[in-house]
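J.: This is the structure I want to talk about, given as structure tokens.
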Amino acid sequence: WRLAAVPLTPPPPPATRPRITTREGFEVRGHEELGLPPVFTTVPVRQKVVFLTIDDGAEKDPAFLRMMNDLRVPYTAFLSDYLIKEDYGYFRRMRADGAALNNHTLNHRYLPALSFRRQQYEICGMQDVLRERYGARAPLFRPPFGNYNRDSLRAAKSCGIRYVPLWNEEVFVDRWEYREPDRRIRPGDIVLTHFRGRGDWKGTMPDMVRRFLDKVTAEGYAVARLEDYL
């Protein structure tokens, strides 16, 4: 796969999983009192691990599945039904290879503009799709565009969502983008990318994975499975 170096092996999953709390500034009114799912961008760990998450499901590149299976790189997918319904089987193969399939709403709407009931329809409806197509509802939810309000988290909780992971970095075929001003990767960071191909990017999904792995490996980071830490 033309990597600069062999990806590092992650440590075993922690015997005691870290306590996940909402990142400061990402809270909504009554967050803790209502027991709403925590919203976070980094998992509190000391080991040099990062977590790869991939959103939406637009691109369905068989080479990507082969690459991730060959390299044994763990990742978490956040799927939207309007994009995956043309080929549910692709994501069934992904799940069989060990990827976790999670909730990114039915139609990728901007949630804060919707009523509580419409948000509940988007989130709970996707939970139903995941159960019907892949056998289980998701514990993780990522709001489209990373935008949410109090109703979003209330709706997510009502659908069985336990965590709302956002991201601290985003990787593309040709660049990285950072949430933090110092533009550095930190232990436990969640990295976002998307299911995209040449129609949207100057490259393929394997090109993006190569850019991601070359950077994290060069900086001494292994890619771990997010669900093992939650």
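The values are calculated or read from the model by the stated rules, or taken from the named source; none is laboratory data. Computed from a predicted model, the values in this text were never measured in an experiment. Because the Cβ atoms are built from the backbone with ideal geometry, glycine has one as well, and the counts that use them run over all protein chains shown. When the accessible area is computed, the model is the full protein with side chains, heavy atoms only, and any ligands, DNA or RNA have been set aside. Shrake-Rupley method; radii C 1.70, N 1.55, O 1.52, S 1.80 Å.
J.: Can you go through 140, 130, 101 and tell me which one is modelled with pLDDT of 95 or more, over 14 Å from the mean Cα position of the chain (by Cα), of a type outside the set (Val, Ile, Thr) and surrounded by 20 or more Cβ atoms within 10 Å (Cβ to Cβ)?
T.: Details: 140 fails: over 14 Å from the mean Cα position of the chain (by Cα); 101 fails: over 14 Å from the mean Cα position of the chain (by Cα).
From the options 140, 130, 101, the qualifying one is 130.
J.: Does segment 153-163 include one or more residues that are part of a loop (DSSP other than H, G, I, E, B) and small (Gly, Ala, Ser)? I'd like the intermediate steps shown before the answer.
T.: Here is the first cut: in segment 153-163, the residues part of a loop (DSSP other than H, G, I, E, B) are 159-162.
Okay, now just the ones that are also small (Gly, Ala, Ser), so 160.
Yes, segment 153-163 contains at least one residue that is part of a loop (DSSP other than H, G, I, E, B) and small (Gly, Ala, Ser).
J.: Could you please give the count of residues in segment 169-186 that are touching a residue at least 60 places away in the same chain (Cβ under 8 Å) and touching a Ser or Thr at 6+ places or on another chain (Cβ under 8 Å)?
T.: 2
J.: Related question: Looking only at segment 174-193, decide whether some residue is open to solvent by less than 10 Å² (accessible area, probe 1.4 Å), among the hydroxyl-bearing types (Ser, Thr, Tyr) and farther than 19 Å from residue 100 by Cα. Write out each step before concluding.
T.: First pass over segment 174-193, keeping only residues open to solvent by less than 10 Å² (accessible area, probe 1.4 Å): 185, 188-193.
Checking the rest, the ones that are also among the hydroxyl-bearing types (Ser, Thr, Tyr) come to 193.
If we keep only those that are farther than 19 Å from residue 100 by Cα as well, we get none.
Checked against the condition, which is being open to solvent by less than 10 Å² (accessible area, probe 1.4 Å), among the hydroxyl-bearing types (Ser, Thr, Tyr) and farther than 19 Å from residue 100 by Cα, segment 174-193 yields no hits at all.
J.: Across segment 37-68, what is the total count of residues that are assigned to a loop (DSSP other than H, G, I, E, B) and either open to solvent by less than 50 Å² (accessible area, probe 1.4 Å) or closer than 17 Å to residue 204 by Cα (or both)?
T.: Going through segment 37-68, the residues assigned to a loop (DSSP other than H, G, I, E, B) turn out to be 37-38, 41, 43-48, 57-61.
Right, trim to either open to solvent by less than 50 Å² (accessible area, probe 1.4 Å) or closer than 17 Å to residue 204 by Cα (or both) and you get 37-38, 41, 43, 45, 57-61.
Total meeting the criteria: 10.
J.: Pick from segment 69-85 the residues that are over 15 Å from the mean Cα position of the chain (by Cα) and closer than 18 Å to residue 194 by Cβ: which of them is surrounded by the most Cβ atoms within 10 Å (Cβ to Cβ)? Steps first, answer last, please.
T.: Of all residues in segment 69-85, those over 15 Å from the mean Cα position of the chain (by Cα) come to 69-72, 81-85.
Narrowing further to those that are closer than 18 Å to residue 194 by Cβ: 81-85.
Values: 81: 21, 82: 16, 83: 18, 84: 25, 85: 13.
For segment 69-85, the residue satisfying everything is 84.
J.: While we're here: Testing residue 109 on (1) open to solvent by 40 Å² or more (accessible area, probe 1.4 Å); (2) under 30 Å from residue 10 (Cβ atoms); (3) outside any helix (DSSP H, G or I), one condition comes back false. Which one is that?
T.: (2)
J.: Got a number for residues in segment 146-193 being closer than 21 Å to residue 209 by Cα and not basic (Lys, Arg)?
T.: In the first step, residues of segment 146-193 are kept if they are closer than 21 Å to residue 209 by Cα; the result is 165-179, 183-193.
With the extra rule that they be not basic (Lys, Arg), the set shrinks to 165-174, 176-178, 185, 187-193.
Adding up the residues that qualify gives 21.
J.: Name the residue that is nearest to the chain's Cα centre (by Cα), counting only residues in segment 104-122 that are within 17 Å of residue 153 (Cβ to Cβ) and of a type in the set (A, V, I, L, M, F, W, C).
T.: Narrowing segment 104-122 to residues within 17 Å of residue 153 (Cβ to Cβ): 104-105, 109-122.
Subset that is of a type in the set (A, V, I, L, M, F, W, C): 111, 113-114, 116.
Details: 111: 18, 113: 23, 114: 23, 116: 23 Å.
Ranking the candidates gives 111 first.
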